[in-house]
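As structure tokens, the structure follows; a few thoughts come after it.
The values are calculated or read from the model by the stated rules, or taken from the named source; none is laboratory data. As the structure is a prediction and not an experimental result, all values here were calculated from the model. No Cβ is skipped: glycine too gets one built from the backbone with ideal geometry, and neighbour counts run over all protein chains shown. We work out accessible area using only protein heavy atoms, side chains counted, and drop any ligands, DNA or RNA first. Shrake-Rupley method; radii C 1.70, N 1.55, O 1.52, S 1.80 Å.
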Amino acid sequence: MSDTIEKVKCLIIGSGPAGYTAAIYASRANMFPVLYQGTQPGGQLTTTNEVENFPGYPDGVTGPEMMLELQAQAQRFGADVRDGWVTKVDFSGDVHKVWVNDTKEIHCDTVIISTGASAKYLGLESEQKYLKLGGGVSACAVCDGFFYRNQEVVIVGAGDSACEEAHYLSKLCTKVTMLVRRDEFRASKIMANRVKNTENIEILYNTETEEVLGDGQVVTGVKVKNNVSGDTHEIPATGFFVAIGHKPNTDIFKGFIDLDETGYIINVPGSSKTNVDGVFVSGDAADHVYRQAVTAAGTGCMAALDAERYLAAKEG
Ligand code: NDP
């Protein structure tokens with residue numbers, strides 16, 4: 001069901017660093033971008049406390065604050081930032097069609113997808129509690145590891161990400177305990193071996209998290225259970241890192257855009273182009289390797305420039 005159909009030159013879907021950066025560039029290029037924020041305005045960074053690795057903030061900045069600044073910067077140049085959730089797309093014809101909140105239909109000359117990815121969590125009540133409090137639960141060692149230097153932490157997961165993050169944490173923390181739910185790693189041999197050969201990483205196989213322990217404000221430890229023996233014990237820790245994978249937010253594009261087997265959008269290497277003319281991708285929706293705010297912002301810039309060139313060639 002649609003009211004009147006709106007025509008838009010450049011539609012940006014998503015409001016993390018990728019989407020806002022695309023909006024800054026697109027509005028300065030007179031593309032009159034319309035940006036839909038989605039259900040988590042500001043994206044994944046709004047679940048992070050302090051961002052200390054984004055260039056230009058020598059004293060750090062909170063994730064939500066940085067997102068508000070990026071939004072204000074985009075709006076300063078005229079970007080039309082709207083509440084709303086894109087529920088459906090149709091990229092099969094000459095006109096790219098997008099529906100917002102199932103009702104509003106938009107016809108777009110160009111679309112920039114910046115829908116990001118979501119870190120997976122275990123789903124335990126105690127994990128979610130300390131995540132929301134910003135009290136020691138994190139899904140990003142590179143973002144938050146620095147706050148746990150010279151402390152003891154626990155990390156869950158056995159894939160390449162978990163190995164990479166455990167290794168990163170081992171250089172900052174006195175001890176890293178890694179919880180692997182089976183009796184083997186999923187990670188590549190080389191990554192798993194790196195972890196196994198690191199002195200201050202202890203690997204507990206067949207081990208699952210029962211509860212994240214805390215004092216009501218911050219994490220103080222983790223209660224774990226051996227799923228073979230049934231034994232439980234507590235590990236003292238100030239940080240609990242979850243590295244069990246990410247899910248790109250790309251479900252609505254299935255069937256219209258080429259995705260890889262895990263759902264990431266496949267871009268033309270070195271550009272933001274997808275397999276559909278006029279549809280571009282930026283940020284974590286296409287990136288399972290770097291996943292940083294600054295790389296997302298960089299690809300947001302690329303997407304706006306690619307969209308501008310596409311329009312110029314078309315209008316040419
Ligand atoms: P993966 O899906 O590869 O691994 C997820 C891990 O989390 C698995 O070991 C899985 O256990 C574990 N897990 C899932 N759910 C739970 C749970 N509820 N409790 C405990 N453990 C759980 O995700 P990654 O993010 O590690 O990697 C994604 C892709 O990115 C991969 O293709 C990887 O190779 C790639 N990558 C490559 C890197 C590199 O080459 N430098 C770096 C990072 C990622 P189980 O094994 O039992 O299923």
Using only the Cα atoms of segment 96-139, what are the Rg and Dmax in Å?
17.5, 46
Top positive-direction residue, dipole computed over segment 95-177 with Cβ charges, set Ala166, His96, Gly116:
Ala166
On the formula 1/(1 + (r/R0)^6), with r taken between the Cβ atoms of Lys88 and Asn206 and R0 of 45 Å, the FRET efficiency rounded to 0.05 is 0.55
Largest-first principal axis extents of the Cα set of the chain (Å):
66, 39, 36
Semi-axes of the equivalent ellipsoid for segment 248-316, Cα gyration tensor, largest first, Å
20, 16, 8
Computing the accessible area with a 1.4 Å probe over protein heavy atoms, can you report the carbon and sulfur percentage for segment 1-96?
50
Where both residues lie in segment 95-193, what percent of DSSP beta bridges are antiparallel, nearest 5?
50
Between their Cα atoms, which of Lys97/Lys254; Lys254/Lys314; Lys175/Lys247; Lys129/Lys223; Lys189/Lys254 are more than 21 Å away from each other?
Lys254/Lys314; Lys175/Lys247; Lys189/Lys254
Relative packing of peptides 66-74, 145-153, 52-60, 106-114 - highest average C-beta neighbours within 10 Å first
106-114, 66-74, 145-153, 52-60
Rounded to the nearest 5, what is the percent of antiparallel bridges among the DSSP beta bridges in the chain?
45
Quick one: putting +1 on the C-beta of Lys and Arg, -1 on the C-beta of Asp and Glu, what dipole do you get for segment 166-316 around its Cα centre, in Debye to the nearest 20?
340
To check you understand DSSP bridge types, tell me what percent of the beta bridges within segment 159-316 (both residues inside) are antiparallel, rounded to 5.
75
Rolling a 1.4 angstrom probe over the protein heavy atoms, how many square angstrom per residue are accessible across the chain?
49
How much mean residue ellipticity at 222 nm does the chain get from its helices, if each DSSP H run of length 4 or more adds -39500 (n - 2.57) and you divide by all residues, to the nearest 500 deg cm²/dmol?
-8000 deg cm²/dmol
So, with +1 on the Cβ of K and R and -1 on the Cβ of D and E, and no other charges, what is the size of the charge dipole of the chain about its Cα centre, to the nearest 20 debye?
340
Take each uninterrupted DSSP H stretch in the chain, measure its Cα extent along the helix axis, and return the ones at 27 Å or beyond whose mean Kyte-Doolittle hydropathy is at least -1.0.
293-315
Place +1 on the Cβ of every Lys and Arg and -1 on the Cβ of every Asp and Glu in the chain, take the dipole about the Cα centre, and give the residue among Met67, Val195, Ile155 whose Cα lies farthest towards its positive end.
Val195
Would you list which lysines come within 19 Å of Lys171, measuring only between C-alpha atoms, while excluding same-chain residues fewer than 8 positions from it?
Lys196
